[in-house]
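Asks: Shown below is the structure under consideration.
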Amino acid sequence: MIRNIAAWPGGRWAKWFVLAFWIVLLVPAFMLAGKLGEVQKNDASAWLPKAAESTKVLEQSKKFQPSDNIPALVIYDRAGGITPADMTKATADKTAFRTVPDVAGDLVGPIPSKDGKAIEFIVSVKLGKTGWGGISKTVDAITAIADKNANGLGVHVTGPGGYAADSGKIFSSGGTSLGAITALVVIVILLFTYRSPLLWLLPLLTAGVSLFASEGLIYLLAKHAGLTVNAQSSFILTVLVFGAATDYALLLIARYREELRRHEDRHEAMAEALHRSGPAIIASAATVAISLLCLLLAALNSTKGLGPVCAVGVGVGLLAMITLLPALLVIFGRWIFWPVRPAYGSPEPTEGGLWARVGRRISVRPRLVWIGTAVVIGSLALGITGLKADGIAQKDGFVSKSQAAEGENIMARHFPAGSGQPLDIVTKAGSADQVRAALAGVPGVTEVTPPVVKDGEAFLRATLAYGSDSSAAQNTVKAARTAVHKIDGAEAKVGGSSALNLDISDASRHDVQLIIPVVLLVVFLILALLLRSIVAPLLLIGTVVLSFAATLGVSAIVFDHVFGFAGADTSFPLWAFVFLVALGIDYNIFLVTRVREEALEYGTRRGALIGLSATGGVITSAGLVLAGTFAALGSMPLVFTAELGFAVAFGVLLDTIIVRSVLVTALTLDVGRWMWWPGKLARRHDDARPAGEDDLEPVLAGR
């Protein structure tokens, strides 16, 4: 029954129905995918923790100020000092700024600095349906006005509006280039893997179809089912779908090529290939998708939204790779493998020779090998103590120069650090004066505005002496909240940029502590069901966690001493963990399911060597594909994407080359049949002779 279901996508007639289905689906999917940017939510509410105090302030303050407005700080500076002509120009620019579309509310300024070398404007910019892309256009228009007839006067736009504009340009232009770079990486690795001028087209085509179908489905879910999509989750989707879907393709094609040498009919070969490799591919995709769905437990909205978006991508990629790809492979026949076509009855070429030799060397002293390997990997994890993942200032969040960062540096030299990004406070009207007095007494608060009262509530703003994303500002927020919360009946809440940064940091810590254990439990349960064992899942999870710790240790050293980054985002450890554990366990699933299959016939120790030999080449290629696609994130000039891309790429390679081939194989050889406890296979005794005996070669050659 199961084999009949597996045979269907590559059936004699069914393959044409499958192809027709995907062709028909692709037309609307392509059109809907192009609209994905229209449903992205890049406003504050799409990123922030829903229950946080700062988020509540955003909601309650709508009656006092539009919730979709963000401040852009326009800075003029002249090293020799601002001239009367400069002030005249700034005053004229204020009138011109009001004519720019999406500039909303009253403009504050021009404000001259105390040292007489700079001028500041606070311009409120509306975040419309076009999101960051629209802000980029508005900021460009403001900059053009300020630059006109500047006569040597420096002009920068910074603050939340300036940074949103810079980010919008990166995401709007980076999506296309990221997709092109990712596809190029996949093409190069597939050409190297298959050494065929034709075969690489099919998995790449299927991955591309998967991406369009995923984006189309995500658009519909965002439009009609409330799914939250932002710029960050959108471009990570591209990398994940290409990487994961191509991995599944590599495993299927490798098994199909084996079966073509054993079956004269290519339809029968595909049916057997799907029957044998399907469970591992489905289990791998399920592990990734369910692990990603655990992110729904996150308090941080940006993290919460990432899970279902990427899970949809993995699910669609899986569906395409077990339906469309088999149909295409069977339609094109054996010649698609040209120039090395797998003829019926021909021996399987032993790229397994390399992995068979590796396995033999490990089998001589497997316990010494796994202990030594674990110690070396564990030593790499020591660097984790230097990981600075407590947040990164906006000005340090760009790999290349950012005009907003330059503007912030100039502003800090001439104006109070907290200028233009005050705390927002909402309280009951009757307690407004008490709240204002309490805030004025908080160290680090330099000014508190008179309250604005409306509908029984009051709105105040407090300027800080520190930059909004500094640790000193966050400490001031804590002190301010403590002070106003003590006022009975005030129901005062403190929000604003500094408060948002604090709440995001707190939410990130909460998410790490909650989601990591949940993901580990989910992965354990999936492995236990797949392998019918308790011991094997525990050992596999242990190896992946060790690999993750080593990756963070190496990343900390590289970020600090090679790239010179100022730190890492608070959500970086969690994102790296979910991707590395979910994707890293894939390769263990590919290997150990094959080991278990062979162990049923040859015993666990010999099965371990056969499994390593049979899957070594394809798993290494899959690791290279996934590492290459995530490394493509480095093409985005953002510190967060560069760090995530490096960490996942390094971790995947470590998992593929060392953890899977050496550590897991050595553990399997040492533990032997007890890997499968308490399943029936644990009661099957292996041969007494060593697993690396000389007569293994004929067995491997016959596979």
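Asks: Tell me, what % of the accessible area of segment 499-590 is carbon and sulfur with a 1.4 angstrom probe?
Replies: Details: 2100 of 2910 Å².
Carbon-and-sulfur percentage of accessible area, whole number: 72.
Asks: As I understand it, the value is the acute angle between the Cα axis of helix 639-653 and the longest principal axis of the Cα atoms of the chain; what does it come to in degrees, rounded to 10?
Replies: 10 degrees
Asks: Considering Cα pairs under 8 angstrom that are at least six residues apart, work out the relative contact order of segment 466-536 and quote it in whole percent.
Replies: Details: 31 pairs, mean separation 16.7, N = 71.
Answer for segment 466-536 is 24 percent.
Asks: How much accessible surface area, in Å² rounded to 10, belongs to the heavy atoms of Leu574 with a 1.4 Å probe?
Replies: 0 Å²
Asks: Within segment 513-548, what residues put their amide N at less than 12 Å from the label point 7 Å along the Cα-to-Cβ vector of Trp674?
Replies: 535-536
Asks: Bin by bin, in steps of 20 Å, what percent of the Cα pairs in the chain do you find, going until the bin that has the longest distance?
Replies: Cα pair-distance distribution for the chain, in percent: 17, 44, 27, 12, 1.
Asks: Something else: Would you kindly state how much longer the chain becomes between Val340 and Leu319 on full extension, computed as 0.36 nm times their sequence separation minus their alpha carbon distance, in nm to one decimal? Walk me through the numbers on the way to the answer.
Replies: Working: separation 21, 0.36 × 21 = 7.56 nm, distance 2.82 nm.
Contour length minus Cα-Cα distance gives 4.7 nm.
Asks: Ranked by accessible surface with a 1.4 Å probe, highest first, in what order do Phe563, Phe30 come? Before the final figure, lay out each step's value.
Replies: On the way: Phe563 95, Phe30 120 Å².
Largest accessible area first, the list is Phe30, Phe563.
Asks: Label 7 Å along Cα→Cβ of Lys137; segment 215-246 residues with amide nitrogen under 19 Å?
Replies: Output list for this probe position: 231.
Asks: Moving to a separate point now. Which number do you get for Rg(Cα) / (2.2 N^0.38 Å) in segment 196-304?
Replies: Numbers: Rg = 17.2 Å, N = 109, 2.2 N^0.38 = 13.1 Å.
Taking the Cα Rg and dividing by 2.2 N^0.38 Å, one obtains 1.31.
Asks: Using the Kirkwood formula on the Cα atoms of segment 342-399, what hydrodynamic radius do you get, in angstrom to one decimal? Before the final figure, lay out each step's value.
Replies: Values: mean 1/r = 0.0611 Å⁻¹.
Its Kirkwood hydrodynamic radius stands at 16.4 Å.
Asks: Helix 301-332 against the longest principal axis of the chain: what's the angle in degrees, Cα atoms only, rounded to the nearest 10?
Replies: Long axis of 301-332 versus the principal axis of the chain: about 30 degrees.
Asks: What translational diffusion coefficient, in µm²/s and rounded to a whole number, does the Stokes-Einstein relation yield for segment 346-477 at 4 °C and a viscosity of 1.567 mPa s, taking the hydrodynamic radius as the Kirkwood radius over Cα pairs? Don't skip to the answer; put the middle values down first.
Replies: Details: Rh = 20.6 Å.
Translational diffusion coefficient: 63 µm²/s.
Asks: Would you tell me the accessible area of Ile392, worked out with a 1.4 angstrom probe on the heavy atoms of the protein chains, in Å² to the nearest 10?
Replies: The accessible area comes out at roughly 50 Å².
Asks: Right, something else. How much of the calculated P(r) for segment 415-478 lies past 19 Å, in percent of all Cα pairs?
Replies: The answer is 29 percent, as a whole percent.
Asks: Taking the Cα centre of the chain as origin, sum charge times position over the Cβ atoms of Lys and Arg (+1) and Asp and Glu (-1), and report the length of that vector in debye to the nearest 20.
Replies: On the way: 61 positive and 55 negative charges, 237 e Å.
Approximately 1140 debye in magnitude.
Asks: Treat segment 247-394 as a sphere of radius equal to its Kirkwood radius over Cα pairs and apply Stokes-Einstein at 20 °C in a medium of 1.002 mPa s; give the translational diffusion coefficient in µm²/s, rounded to a whole number. Display every interim value, and only then the final one.
Replies: On the way: Rh = 19.3 Å.
D = 111 µm²/s.
Asks: Right, next: Work out the FRET efficiency for Leu296 and Val452 from their Cβ-Cβ distance, taking R0 = 45 Å, and round it to the nearest 0.05. Don't skip to the end; give the middle numbers.
Replies: Working: r = 38 Å, r/R0 = 0.84.
Using R0 = 45 Å, I get an efficiency of 0.75.
Asks: I've got another one for you. Between Ile515, Val664, Ala438, whose Cα lies farthest towards the positive end of the dipole of the chain when Lys and Arg beta carbons carry +1 and Asp and Glu beta carbons carry -1, centred on the Cα centre?
Replies: Going by the charge dipole, the pick is Val664.
Asks: Within the set of other residues whose C-beta is less than 12 Å from the C-beta of Val595, count the net charge using Lys and Arg as +1 and Asp and Glu as -1. Don't skip to the end; give the middle numbers.
Replies: Values: positive: Arg594, Arg596, Arg605, Arg606, Arg660, Arg673; negative: Glu597, Glu598, Glu601.
Once positives and negatives cancel, what remains is +3.
Asks: Just name one of Gly564, Gly168, Leu211: the one whose Cα is farthest towards the positive end of the charge dipole of the chain (beta-carbon charges, Lys/Arg +1, Asp/Glu -1).
Replies: About the Cα centre, the residue reaching furthest to the positive side is Leu211.
Asks: Please give every one of the lysines within straight-line cross-link reach of Lys50, meaning a C-alpha to C-alpha distance under 23 Å, and leave out same-chain neighbours fewer than 8 residues apart.
Replies: Lys41, Lys62, Lys63, Lys126, Lys129, Lys223, Lys304, Lys428, Lys478, Lys493
Asks: Might you work out the accessible area of Arg98 for me, using a 1.4 Å probe with all protein chains in place, and round it to the nearest 10 Å²?
Replies: Surface accessible to solvent at Arg98 totals approximately 130 Å².
Asks: What FRET efficiency, computed as 1/(1 + (r/R0)^6) with R0 = 56 Å and r the Cβ-Cβ distance, is obtained for Asp147 and Phe21, rounded to the nearest 0.05? Display every interim value, and only then the final one.
Replies: Values: r = 54 Å, r/R0 = 0.97.
Using R0 = 56 Å, I get an efficiency of 0.55.
Asks: Ignoring ligands, DNA and RNA, how do Lys50, Lys223, Lys63, Lys148 rank by accessible area with a 1.4 Å probe, largest first?
Replies: On the way: Lys50 160, Lys223 115, Lys63 75, Lys148 135 Å².
Ranked list, largest accessible area first: Lys50, Lys148, Lys223, Lys63.
Asks: Under the 0.36 nm per residue contour assumption, what length would be gained going from the current alpha-carbon distance of Ile371 and Thr88 to full extension? It would help to have the intermediate numbers written out before the result.
Replies: Details: separation 283, 0.36 × 283 = 101.88 nm, distance 7.42 nm.
This chain segment gains 94.5 nm when fully extended.
Asks: Next question. If eta is 0.692 mPa s and T is 37 °C, what Stokes-Einstein diffusion coefficient results for segment 566-681, Kirkwood Rh from Cα pairs, in µm²/s? Don't skip to the end; give the middle numbers.
Replies: Values: Rh = 15.2 Å.
D, rounded to a whole number, is 215 µm²/s.
Asks: Using Cα atoms only, what is the angle between the long axis of helix 266-293 and the major principal axis of the chain, expressed in degrees (0 to 90) to the nearest 10?
Replies: Once rounded, the angle reads 30 degrees.
Asks: Leu521 to Ile282: FRET efficiency via 1/(1 + (r/R0)^6), r the Cβ-Cβ distance, R0 35 Å, to the nearest 0.05?
Replies: Values: r = 20 Å, r/R0 = 0.57.
Step by step, r from the Cβ atoms, then E = 0.95.
Asks: Less than 17 Å apart at the alpha-carbon level, and either on another chain or at least 8 residues along: which lysines does that give for Lys401?
Replies: Lys169
Asks: If I take the Cα coordinates of segment 491-645 and project them onto the principal axes, what are the three extents in Å, biggest first?
Replies: The Cα atoms of segment 491-645 stretch 69, 39, 21 Å along the principal axes, largest first.
The values are calculated or read from the model by the stated rules, or taken from the named source; none is laboratory data. Remember, predicted model here, so these are calculated numbers, not experimental data. Cβ coordinates were reconstructed from backbone atoms using ideal geometry, including for glycine residues, and neighbour counts include every protein chain displayed. For accessibility, only protein heavy atoms count, side chains too; no ligands or nucleic acids. Shrake-Rupley method; radii C 1.70, N 1.55, O 1.52, S 1.80 Å.
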